[in-house]
Amino acid sequence: MIKWLLAGIGIIITGISVNHHIETKQQAFDYAKSLVGDKGIINLGAGPHRTLLADVIAKSPEVRANLDIVPDGLPNFIQWDIENPLPFGDKTFDVTFASHVLEHLDNWQFTLNEATRVADYAVIVLPHPLSPGGWLNPYHKQHFSKGDIAKMENTSSNTTVWF
């Protein structure tokens with residue numbers, strides 16, 4: 001409880017608000033949709049812990065697969081541990097969309113490689129590097145600096161990171 005209170009205070013102090021988080025996620029998904037051809041989007045980390053916006057995203061017609069380790073009743077849902085090889089061939093999708101997922105993983109580099117393998121483009125949303133909420137969240141296993149984000153984008157010219 002105290003960690004979450006501190007996270008909220010930190011967000012106000014740094015000027016990184018919940019509205020910024022929602023706007024960034026919406027802009028990133030709009031960008032992902034602009035890249036869609038006929039193969040659609042794979043949505044990584046789409047489980048039951050989602051927000052209202054994440055629910056809208058998961059149910060969007062462009063999303064052909066929703067993956068999460070936790071079972072859920074979403075359309076096109078596949079229960080899968082995304083730290084294992086994804087069950088799709090190379091370039092099966094137009095876009096991989098992963099919003100606020102990589103920071104929860106032990107081996108985020110592997111999942112990023114898989115995300116770029118199964119889709120033509122990868123759109124990744126991460127906590128802002130200056131957000132205390134990102135640093136104080138007890139479920140975050142990774143904390144990304146701007147340098148880490150630049151490396152992610154250099155992994156593939158078709159990877160875009162939003163924060």
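The values are calculated or read from the model by the stated rules, or taken from the named source; none is laboratory data. Just so it is clear, the model here is predicted, and its values are computed rather than measured. We place every Cβ from the backbone using ideal geometry, glycine too, and count neighbours over all the protein chains shown.
If a residue has to be without any contact (Cβ under 8 Å) to a residue 60 or more places away in the chain and crowded, with 20+ Cβ neighbours inside 10 Å to count, how many in segment 73-98 make the cut? Summing the residues that are without any contact (Cβ under 8 Å) to a residue 60 or more places away in the chain and crowded, with 20+ Cβ neighbours inside 10 Å in segment 73-98 gives 7.
Which helices (runs of 4 or more DSSP H) does segment 1-90 wholly contain that include 3 or more residues that are modelled with pLDDT of 95 or more?
Values: elements: 2-14, 18-34, 52-58.
Qualifying helices (runs of 4 or more DSSP H): 18-34.
Residues in segment 37-72 that are hydroxyl-bearing (Ser, Thr, Tyr) and loosely packed, with under 13 Cβ neighbours inside 10 Å: there are none. Please enumerate the residues belonging to segment 107-136 that are at pLDDT below 90 and either assigned to a loop (DSSP other than H, G, I, E, B) or crowded, with 20+ Cβ neighbours inside 10 Å (or both). The answer is 108, 125, 126, 127, 128, 129, 130, 131, 132, 133, 134.
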